[in-house]
Structure formats: C-alpha cells, structure tokens
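Below: the structure, in structure tokens.
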Amino acid sequence: HRAPRARKQAQVRPRVQWMLDSMTASAAFVRNGRMDILATNALGRALYSPLFTDDRRPANIARFQFLDPGAQDYFPDWDGAANVTVALLRAEAGRDPHNKDLRHLVGELSTLSEEFRTRWAAHNVRIHHAGSKQFNHPVVGPLDLVYHSLDLAADDDWVLDLTIYTAEPATASEDRLKVLAIWAATHLPATEASS
C-alpha cells in the first residue's frame with residue numbers, strides 16, 4: 001500500500017507548446033487528470049479566459065465550474081459539463097488513487113460545493129472523447145464547438161490530455177471564434193497566452 005504522495009507538476013515539453021501555438025484556427029489546451037490547464041494556445045487561452053481570472057495556477061476547470069458563480073452563465077449546459085468534469089476526476093481517482101493533489105482538490109470541492117458532492121457520490125465515470133460543447137463567452141457570446149480529446153504521451157506516469165475545439169465551417173460560431181482570435185491577439189499578453 002503506497003502512501004499518498006504530492007506530485008511534482010508535469011512539465012509540458014516545449015515541442016507540445018510549439019504544436020499548440022501552430023494551431024491558430026482552433027482552441028487547444030493540455031490538461032492533466034486533475035483538470036489543471038497546463039498549456040494552451042492563444043485561442044484556447046481566450047476561450048477559457050474566465051478561468052484565468054482566478055490567480056491560482058495552474059487554472060483548474062473543476063474549481064471554476066463548481067466554485068465560480070460565473071460558470072453557470074459560461075456553460076449553457078452547466079449540468080452536462082459538470083457531469084463530464086466529475087466523471088473525468090473519478091476516472092483519474094481510479095487510475096491514480098494515491099494522488100494527494102487530486103485528493104486535496106476533491107476535498108476542497110466537496111466541502112464548498114453541494115453540486116460537486118452530489119455528483120461525486122454518484123460514481124459516474126462515463127467519458128466522451130469527442131462531441132459538441134456550448135459556451136457563452138463574455139466577449140463574443142454563444143459558441144457551439146466540436147471537440148476531440150486525445151491522450152498525449154508524457155514521460156512518467158502522468159496522463160495528459162490534448163483537447164481541440166473547432167467550429168463547423170460557415171457558421172456563426174466560426175465567425176465568433178475568429179473574432180475571439182482577434183480579441184486574443186489584442187487583449188492577452190503574449191507570455192500569458194501560452195503559459
């Protein structure tokens with residue numbers, strides 16, 4: 001029986017950041033099983049800009065979803081998005097039951113969010129690696145995006161996930177995503193956009 005361990009933060013290799021930065025028409029980010037955003041391209045940083053208003057780093061999708069009141073507006077299907085987030089955290093807890101950082105996050109969310117507590121108790125681990133997701137972005141409004149999530153090889157026992165969001169061509173969401181890219185170029189500091 002291994003004791004719980006604190007984990008060093010997985011480093012995203014420079015070549016992964018280069019790959020993310022080369023994707024300019026899609027929003028892309030890399031996260032770990034704890035739902036920390038470890039790397040992102042400029043459009044991914046812009047898409048998830050509400051998550052980065054919390055000063056804690058790395059930005060965490062689950063913490064935003066359950067503890068930030070703005071998340072209810074940001075995710076039009078908040079229930080569906082919350083269920084997916086908890087399923088991903090459950091799957092990570094099953095894969096790495098000794099991850100102390102994950103236990104701390106689950107403890108924090110369980111203490112502060114009844115919505116999280118209820119979902120965590122349901123033990124749902126169904127995960128979708130592709131689909132569509134809706135956002136209500138504070139800058140450009142409604143976005144209906146398709147996504148694919150892929151495993152990204154890491155050097156140790158970390159499991160990293162690359163998620164890419166794109167809009168269907170010739171739709172209002174594609175137009176809004178292009179506007180968001182322009183906003184990102186003019187409003188987000190270059191160093192922050194890729195950190």
Of the conditions (1) modelled with pLDDT of 90 or more; (2) surrounded by 16 or more Cβ atoms within 10 Å (Cβ to Cβ), the single one that GLY80 does not satisfy is (2)
Those residues of the stretch 58-70 which are buried (at least 20 other Cβ atoms within 10 Å of the Cβ) and outside any loop (DSSP other than H, G, I, E, B), in sequence order: ASN60, ILE61, ALA62, ARG63, PHE64, GLN65, PHE66
In the set LEU152, LEU162, LEU180, the lone residue that is open to solvent by less than 40 Å² (accessible area, probe 1.4 Å) and modelled with pLDDT of 95 or more is LEU180
Tell me whether the stretch 113-129 contains one or more residues that are in contact with a strand residue (DSSP E or B) (Cβ under 7 Å, 6 or more places away or on another chain) and open to solvent by 70 Å² or more (accessible area, probe 1.4 Å). yes
Taking the condition assigned to a helix (DSSP H, G or I), without any contact (Cβ under 8 Å) to a residue 24 or more places away in the chain and not acidic (Asp, Glu), does LEU51 pass? yes
Can we say LEU105 is at pLDDT 95 or above and touching a helix residue (DSSP H, G or I) at 6+ places or on another chain (Cβ under 6 Å)? no
Looking at ARG95, ARG90, ARG117, ARG126, which is the one that is without any contact (Cβ under 8 Å) to a residue 24 or more places away in the chain and basic (Lys, Arg)? ARG117
Which ones in the stretch 105-144 are in a strand (DSSP E or B) and of a type in the set (Ser, Thr, Tyr)? SER132
Considering only the stretch 34-42, I want to know if a residue exists there that is buried (at least 22 other Cβ atoms within 10 Å of the Cβ), of a type in the set (S, T, N, Q) and under 29 Å from LEU188 (Cα atoms). yes
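The values are calculated or read from the model by the stated rules, or taken from the named source; none is laboratory data. Note that the structure is a prediction, hence the values are computed from the model and not measured. In this analysis, Cβ positions are derived from the backbone assuming ideal geometry, glycine residues included, and neighbour counts consider all displayed protein chains. These accessible areas exclude ligands, DNA and RNA; they are computed on the full protein's heavy atoms, side chains included. Shrake-Rupley method; radii C 1.70, N 1.55, O 1.52, S 1.80 Å.
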